[in-house]
Amino acid sequence: MMELDRVSVAFGEALALREASLRIEAGARLGIVGESGCGKSMLGLCLMGMVPDAAVVSGAIRLNGRDLAGASEAVWRRHRARDVAMIFQEPMAALNPLSRIGDTVMEPLLVHEGLSRAEARDRAIALFEEVGIPEPAARLRQYPHEISGGQRQRVLIALALTCNPGLLVADEPTTALDANVALRIIELLVRLSETRNMALVFISHDLAAVARATQTIAVMYGGDVVERGPTAQVLSAPRHPYTIGLLGARPGLGDRGRGADGRRRRLVTIPGNVPPLFDLPAGCRFSGRCSQEIAQCAGTRPVAHVLDGGQEASCHLLAPAAPGRAGAVT
Amino acid sequence: MSAPLLEVRGVTRRYRMPREALLRSPPVLTAVNDVSFVLERGQTLGVVGESGSGKSTLARMIMAFEAPDEGAVLFEGQDINRLGAAALRQARQRFQMVFQDPFGSLDPRRTVAWSIAEPLRVMRAEGIDRRIAEALDQVGLRARDGEKYPHEFSGGQRQRIAIARAIVTRPALLVADEAVSALDVSVQAQILNLLMDLQEDLGLAMVFISHDLAVVACICDQMLVMRHGDCVEFGDTAGIVARPRHDYTRSLLVASGI
Amino acid sequence: MPRLPVNLIIGAVLVSLVVGVAALSLVWTPHDHVAMNVRGRFQGPSDLYWLGTDQLGRDVVSQLMVAARNSMTVALVAVLIGGSIGVVLGLFASAVGGWVEDLVMRIADIGFAFPALLFAIMLSAVFGPSLTIAVAAIAFINIPVFARVSRASANQIWTREYVAAARAAGQGKLAISRDHILPNIAAPVIVQATIEFAVAILAEAALSYLGLGAQPPSPSWGRMLSEAQTLMFMAPQLAIYPGLCIVLAVLGFSLLGDGLRDITDPRLSRSRRA
Ligand SMILES: Nc1ncnc2c1ncn2[C@@H]1O[C@H](COP(=O)(O)OP(=O)(O)OP(=O)(O)O)[C@@H](O)[C@H]1O
Ligand SMILES: Nc1ncnc2c1ncn2[C@@H]1O[C@H](COP(=O)(O)OP(=O)(O)OP(=O)(O)O)[C@@H](O)[C@H]1O
Ligand SMILES: [Mg+2]
Ligand SMILES: [Mg+2]
């Protein structure tokens, strides 16, 4: 249904996204995980045609076969809300602080769906109920700063769902929600995807949520998709060193409390930081932090190697002739 | 015996909701209802609870952005709502907050370095540039990133900028409202380690608001569970995780897979 | 790239035309605008006098150009003074809040309801007519306008979390108003200033029409209009030219202000997000 074909997003010299390719079929659910600042939101914005003005986009963005990469704002606007909708990562940035949340949610219903005010109001209340906002009727008249962070996030979810989009890009939709509510939202999204054949791109750092919400997963690092495949398989048997490190950093029960020396236990991390975009290694973006680095990593970009069960990973260690196979270390 | 760093005594906060009809009196929502706790230096209190249960409201009252309708917030034994404007500004240099919404808490028209330096300028601190660079480095960003504006960062990077601003003054108390919620597990672990370092090296106390029970269980000494504005459970983290007394706590633990 | 609204483009063109001509008059006019030529009165347009001459044989183009400069200067000074005072009052009211805010805004309401012309006539009656009086009167009526706009915008900004963050940093209300509120209300204030510029040009024309503005020999569109009125049957073009100038200048600034509002108002730009 929607396809990104070698899409790059550049801020001057810096590449926020490097030739990323992605296919999303109608009704499919794809998860995207990765290090903070690795380009997940940028990928979502590409699907919406909303990359910031400062960026240069290259590659093809196809919606139902039509390339929209260079399309004008007017063309994109026709597709937004109905063909592709997005739940933005930061609710406060996406909501107009001057308008009541009810008006914000009702606007697309009035404009795109041609509903009357009363109908739009009823529908907004129904949507608020669906996403679990308490006392929906009264909330309609509140301003964004008068509701809690999680409620704002759910307003945004309701807003994205107003026009029954064909593809929903959910950028960290559950960050401000407690486990119970998050579960409920994920169930809602999965149900919508199944009953309405809605495609879902679920961007999250919450691996448990991704596991629940999606069928396939793409792991990103430094603007590259480094590993992809069926969600359960990738999360249980990761092959790319970054994915392995990421899964190892999950806080577990063993990290709890204090160590023998009375100091609090430190959590496991991947050593080092993501280098700034303008300073990324030319080859594998993860080189420099990777514990199993070999000679060609820094200079040559690894290609995607197809592994069993539809899993794919871009790592030199997985090449048939490589010295030690990366998967072996887990 | 000196007073505890922070004491919250039976605070209650009510909001008026929008009126449904012109002549009807507006309904009242009790966002926080009679919550009390004591936090000692170097300790961490985890606040968890349902979305909309009043966690951020509690944080705003601790920070004296809002006065409680009932009860009092005592910082080092002083009721912060009774302090005069100048004394309050003085005291504020010792407690900092990381807001739930990083984008909303950074002035869009100011560079990141400017925002981080703001509390330092108020304190007339020395070596501001060095301290900005250090704070940025601690949260995994570059000194050069300071010249950029908030919209040029990713969500998680902005969240780390907000953390850098809050720790740059080396406060005695940090109120962190969902401060690591937008970070992937690896960066999140780095930040949590950083906060634990600060705690041990400087005796930083934290009120750590989060919905992520796994994180709270890892780093908090005590834990407070909120629901509909009420405190339903309060006590030692290990004890609550092992033997939750309230149904709601139990359901949270189940849902977050602990 | 969002498309620019039509009113913004037309407004910008008109405004640059008027401002350009006014600026040009500082260094060059076709003729000396006060040089009289008694024999060459009421000439029609010619190569020498592009729009002809007036009842005293002065070049009309040169006069219109200098009048444009005078008019711009009056409007600029008046809007700057009135705007600054108004913005400071608005910021102050918003920062302090409570009954002080109410009091300031009620006083502003009274000022708002007070007609500028009446005020100018009153001042002129006391101090005698002069350009300074005209400027003062126009500046005065601008104060409540800006006080309102800036208070309303500032109140919005005060609810933002970055202001709370500044308070957490120990910043006082004065510093917050200066560092955070002012830069973030700049857009609506600039829009208002552009619109008020148009109002000020009109007010200046009206005052000098009544003889309360620029005094002779300094030319002004309003006075050119009133002088030409007595000669309406002899030389109607002398009334048309300054009239047209006033219309173009006022229209230009109004359209520019509207256009700027269209592109800066979040209510309209929201459609880009939803
Ligand atoms: N307007 C901009 N100008 C310059 N760089 C930008 C801009 N917007 C984003 N970036 C950079 O692009 C990179 C990718 O950003 P993106 O928002 O996609 O990250 P992300 O994967 O969503 O991270 P997070 O998990 O922290 O939200 C970041 O390193 C960011 O610094
Ligand atoms: N200014 C306000 N006016 C009216 N109601 C408010 C205001 N601020 C908060 N509330 C209400 O108070 C309740 C508690 O909000 P609060 O922000 O403290 O929740 P929270 O526990 O932080 O939730 P979340 O986890 O979603 O951030 C919510 O129902 C919210 O709608
Ligand atoms: Mg993001
Ligand atoms: Mg909150």
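Here, each number is a calculation from the coordinates, and none is a lab measurement. Computed from a predicted model, the values in this text were never measured in an experiment. In this analysis, Cβ positions are derived from the backbone assuming ideal geometry, glycine residues included, and neighbour counts consider all displayed protein chains.
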Legend entry - Rel. contact order, % - alpha carbon contacts under 8 angstrom, at least six apart, chain A: 19 percent
Legend entry - Of A:Tyr143, A:Tyr242, A:Tyr221, the one that fluctuates the most in a GNM where chain A has Cα springs shorter than 10 Å: A:Tyr143
Inset, instruction - With only Lys, Arg, Asp and Glu charged, each at its Cβ (+1 for the first two, -1 for the last two), find how big the charge dipole of chain C is about the Cα centre; round to the nearest 20 debye. - result: 660 debye
Inset, instruction - Check cross-link reach from B:Lys55 to the lysines: straight Cα distance under 23 Å, and skip same-chain residues fewer than eight apart. - result: none
Inset, instruction - Step through the residues of the stretch C:129-137 one at a time and calculate ³J(HN,Hα) from phi using the Karplus curve (6.51 cos²θ - 1.76 cosθ + 1.60, θ = phi - 60°), rounding each to whole Hz and writing x for Gly and Pro. - result: x, 6, 5, 4, 4, 4, 4, 4, 5
Legend entry - Residue with peak Gaussian network fluctuation, chain C [Cα springs, cutoff 10 Å], from C:Gly11, C:Gly128, C:Gly222: C:Gly128
Legend entry - Under-5 Å amide H pairs with B:Leu6, H placed in peptide plane, nonlocal only: B:Leu39, B:Glu76
Inset, instruction - Have a look at A:His305, A:His112, A:His240 and tell me which one the Gaussian network model of chain A (Cα, springs below 10 Å) gives the largest fluctuation. - result: A:His112
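Using the crude model of +1 on Lys and Arg Cβ and -1 on Asp and Glu Cβ, and no other charge, please compute the dipole size for the stretch B:102-170 relative to its Cα centre, in debye to 20.
In debye, rounded to 20, the stretch B:102-170 gives about 100.
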Inset, instruction - Straight distance only, please: which aspartates and glutamates reach the Cα of A:Lys40 with their own Cα at less than 17 Å, same-chain residues fewer than 8 apart left out? - result: A:Glu3, A:Asp5, A:Glu19, A:Glu90, A:Asp171, A:Glu172, A:Asp206, A:Asp224, A:Glu227, B:Glu152, B:Asp184
Inset, instruction - Let me know the Kirkwood hydrodynamic radius for the stretch B:102-170, please, with Cα pairs as the basis and the value in Å to one decimal. - result: 11.6 Å
Inset, instruction - Would you please give the FRET efficiency between C:Ala12 and B:Thr30, computed as 1/(1 + (r/R0)^6) with r the Cβ-Cβ distance and R0 = 60 Å, to the nearest 0.05? - result: 0.65
Inset, instruction - Would you mind checking the radius of gyration and Dmax of chain C based on alpha-carbon positions, in Å? - result: 22.0, 76
Inset, instruction - For every helix of n ≥ 4 consecutive DSSP H residues, a contribution of -39,500 (n - 2.57) applies; sum these over chain C, divide by its total residues, and give [θ] at 222 nm rounded to the nearest 500 deg cm²/dmol. - result: -24000 deg cm²/dmol
Inset, instruction - Sort out for me the Cα centre separation of the stretch A:203-234 from the stretch C:65-117, rounded to whole Å. - result: 57 Å
Inset, instruction - Quick one: which residues, 5 or more positions from B:Val98 or on another chain, have an amide H under 5 Å from its amide H? H modelled 1.01 Å from N in the peptide plane, none for Pro or chain starts. - result: B:Val175, B:Ala176, B:Asp177
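Below 8 Å, C-alpha to C-alpha, sequence gap of six or more: please give me the relative contact order for chain C in percent.
26 percent
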Legend entry - Two-site FRET efficiency, C:Leu48 against C:Val27, from Cβ-Cβ distance with R₀ of 22 Å, rounded to 0.05: 0.60
Legend entry - Ranking of C:Cys245, A:Cys290 by count of other Cβ atoms within 10 Å, fewest first: C:Cys245, A:Cys290
Legend entry - Note, ³J(HN,Hα) from phi for the stretch B:36-42, Karplus 6.51, -1.76, 1.60, rounded to Hz, x at Gly and Pro: 9, 6, 10, 10, 8, 4, x
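Can you tell me, using C-alpha contacts under 8 Å and at least 6 residues apart, the relative contact order of chain B as a whole percent?
Dividing the mean separation by the residue count of chain B yields 25 percent.
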Inset, instruction - Please arrange A:Asp103, C:Asp102 by counting, for each residue, the other beta carbons lying within 10 Å of its beta carbon, fewest first. - result: C:Asp102, A:Asp103
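Among C:Trp28, C:Trp50, C:Trp158, which comes first, then next, by fewest other beta-carbon atoms within 10 Å? Present the calculation step by step, with values, prior to reporting the outcome.
Values: C:Trp28 8, C:Trp50 13, C:Trp158 18.
With the fewest neighbours first, C:Trp28, C:Trp50, C:Trp158 line up as C:Trp28, C:Trp50, C:Trp158.
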Inset, instruction - Hey, can you grab everything whose amide H is under 5 Å from the amide H of A:Glu35? Only 5+ residues off in sequence or another chain; H modelled, so Pro and N-termini drop out. - result: A:Met220, A:Gly222
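Which of rounded, prolate, oblate describes the stretch C:123-228, given a ≥ b ≥ c as roots of the alpha-carbon gyration tensor eigenvalues and a/c under 1.5 marking rounded, otherwise prolate only if a/b is larger than b/c?
Note, shape of the stretch C:123-228 comes out prolate.
What's the local net charge at C:Met72, with K and R +1, D and E -1, over the other residues with C-beta under 14 Å away?
Charge balance in the 14 Å sphere: -1.
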Inset, instruction - Starting at the first residue of the stretch B:232-244, write each ³J(HN,Hα) from the Karplus equation 6.51 cos²θ - 1.76 cosθ + 1.60 with θ = phi - 60°, in whole Hz, x for Gly and Pro. - result: 8, 7, 8, x, 5, 4, 4, x, 5, 5, 6, 10, x
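Kindly state, to the nearest 0.05, the FRET efficiency for B:Met17 paired with C:Ala113, given R0 = 51 Å and r defined as their beta-carbon distance. Each step should come with its number before you reach the end.
On the way: r = 35 Å, r/R0 = 0.69.
After rounding, the FRET efficiency stands at 0.90.
Give the dimensionless ratio obtained when the Cα radius of gyration of the stretch B:87-241 is divided by 2.2 N^0.38 Å.
Computed over Cα atoms of the stretch B:87-241, the ratio equals 1.06.
In the protein assembly as shown, what is the volume of the convex hull around the alpha carbon atoms, normalised per residue and reported in Å³?
214 Å³
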Inset, instruction - Compute the long axis of helix B:185-202 from its Cα atoms, compare it with the longest principal axis of the Cα atoms of chain B, and write down the angle in degrees, 0 to 90, nearest 10. - result: 90 degrees
